[in-house]
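Following: one structure in structure tokens, then a few remarks.
None of the figures in this text is laboratory data; all of them are computed from the coordinates on show. Given the structure is predicted, the values throughout are model-derived calculations rather than measurements. Reconstructed Cβ throughout: ideal geometry from the backbone, glycine too, with neighbour counts over all protein chains shown.
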Amino acid sequence: MMVAPKLRFKADDGSDFSGWEEKTLGELCAPLTYGMNAAATKFDGENRYIRITDIDDETHALLPNDIVSPSGELDDKYLVKKGDILLARTGASTGKSFLYHPKDGKLFYAGFLIKAHVLPSSDDYFIYSQTLTDRYWKWVKTASMRSGQPGINANEYASYSFAVPSLPEQRKIADFLSAVDAVIAAQQAEVDAWEQRKKGVMQKLFSQEVRFKADDGSDFPDWEEKTLGEITGLFVGKSFTSELNKNGRYVVMDMGSVSSDGSIIDAKLTDLDRDILRRGDLIMPKDDIGGGLIIGKTAYIPCDDKYVCGDHVYRLRFDSEIDGLFMHYEINSSGPQRRLGRKVTGSAQLGLNSKSVSSETVSVPSLPEQRKIADCLSSMDEVIQKSKDELAKWQELKKGLLQQMFV
């Protein structure tokens, strides 16, 4: 059956390309193969081991951290080369894909990955891009259904079918999407760079390596060591589960409302005006079932009469001598986070009790210096957010292009 997408390129001479044809992944690739079953060991400086967890969930790029090598004797049949696509075959990441680029270096792929080597008759980037479409992920959801853990084997991946154009049209699509990817990568790099700058500034400010001056040029007073229990009380709200309303007036701040970077996730709404939060309050998750990424973090409440305190979180409210935004930044800085992390208990569900939080020590400058620090870091946050918004626009554009340029 001849099919075609909504958005198409023309040939170099201005003529129309031929129609698209339905093909299976197995027809477009060499026989799909499984990775090596070797343990990870210390990186030897040359041979990197790529596992499911080494592939970024969002960008599908190779993550730069936790670099390891495979143990034992290395067989070149497990080397990843130009034209290779790796596909996760088991677990929650089933369907996740990775396209090899020579800049990734010498890679050996692990047993929970399947390698599909795209034949020269097709463009590897075009075939890889098929794994980013909604259509592909709907197929993954259906094909991976198991009585236990989700999974897709090599034969099942090989059977996945989709429409493909002629090789010249594939290359035009691949070149265009690669250019969009380059913009996205550059924008992501800008976000990452600003986040690293902010971390560096926070380190210098909270270690007092760098100090602000008063408006008249004089030095501010020395910082004082205090426990959180001395400057705030901890309040725990109740569940709003039975009072949620998708059109509600108030944002419910509970365990799922604080992101790993301390920003607010406003996913739950209610009309119940119970335990209304004030501008300057902080919300800290006291429980976590997601691996401990949010427990002990704080989110800052930026305005009055919009947010309510839910369950599984502490509300921190300060008196007039403490700037809530400053304290938000300090608690989320590396020192307090490291110490709070050591106080977390539990395995399946992690917990941070009130005594552990109240006993945490923070360094407190005078209120004017608190405000200067808060203003500095919030200004950096505004720049970071603008960069993130621009990144999101480009990511949304690519998503739309994938829908328009593929069948």
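Pairing the Cα long axis of helix 334-343 with the longest principal axis of the chain, what angle in degrees results, from 0 to 90 and rounded to the nearest 10?
For helix 334-343, the angle is close to 90 degrees.
Please work out whether the range 224-364 counts as rounded, prolate or oblate from its C-alpha gyration tensor, where a ≥ b ≥ c are the square roots of the eigenvalues and a/c under 1.5 means rounded, while otherwise a/b larger than b/c means prolate and anything else oblate? Show your work: numbers first, answer last.
Values: a/c = 1.98, a/b = 1.31, b/c = 1.51.
It comes out oblate by the Cα gyration axes.
Among ALA179, TYR160, ALA40, which residue has its Cα positioned farthest towards the positive end of the charge dipole of the chain, with +1 placed on the Cβ of Lys and Arg, -1 on the Cβ of Asp and Glu, and the dipole taken about the Cα centre?
My answer, from the dipole projection, is TYR160.
What fraction of the Cα pairs in the chain, stated in percent, has a spacing above 40 angstrom?
Numbers: 27933 of 82621 pairs.
Summing the P(r) of the chain above 40 Å gives 34 percent of all pairs.
Can you tell which of GLU46, GLU360, GLU21 shows the greatest fluctuation in a Gaussian network model of the chain with Cα springs below 10 Å?
Maximum fluctuation in the GNM of the chain, among the listed residues, is at GLU46.
Suppose the Debye formula is applied to equal point scatterers at every Cα of the range 196-271; what is log10 I(q)/I(0) at q = 0.11, 0.12, 0.17, 0.27 Å⁻¹?
Ignoring solvent entirely, the Cα scatterers give -0.58, -0.65, -0.89, -1.22.
Between VAL210, VAL362, VAL80, where does the largest GNM mean-square fluctuation fall for the chain, given springs only between Cα atoms within less than 10 Å?
VAL210
For the peptides 289-295, 215-221, what is the packing order when you average, over each peptide's residues, the other Cβ atoms within 10 Å and list the highest mean first?
Values: 289-295: 16.6, 215-221: 9.1.
Taking the mean over residues of other Cβ atoms within 10 Å, the ranking is 289-295, 215-221.
Roughly how tilted is helix 167-206, in degrees to the nearest 10 and between 0 and 90, from the longest Cα axis of the chain?
Computed tilt is about 20 degrees.
Please order CYS303, CYS376, CYS29 by the number of other Cβ within 10 Å, starting at the fewest. Kindly include the intermediate steps, with their values, before the conclusion.
On the way: CYS303 10, CYS376 17, CYS29 21.
The fewest-first ordering by Cβ neighbours comes to CYS303, CYS376, CYS29.
Suppose every K and R has +1 on its Cβ and every D and E has -1 on its Cβ; what is the size of the dipole of the chain about the Cα centre, in Debye to the nearest 20? Could you put the intermediate results ahead of the total?
Values: 52 positive and 61 negative charges, 187 e Å.
Roughly 900 debye, rounded to the nearest 20.
Ignoring everything except DSSP H segments at least 4 long, calculate the 222 nm mean residue ellipticity for the chain; use -39,500 (n - 2.57) per segment, divide by total residues, nearest 500. Show your work: numbers first, answer last.
Values: 10 runs with 132 residues, N = 407.
That calculation yields -10500 deg cm²/dmol at 222 nm.
Excluding same-chain residues fewer than 8 positions from LYS372, which aspartates and glutamates have a Cα within less than 16 Å of its Cα?
Output for LYS372: GLU209, ASP215, ASP216, ASP219, ASP222, GLU321, ASP323, GLU330, ASP381, GLU382.
Just how far, in whole angstrom, is the range 62-128 from the range 226-281 if you go by their alpha carbon centroids?
43 Å
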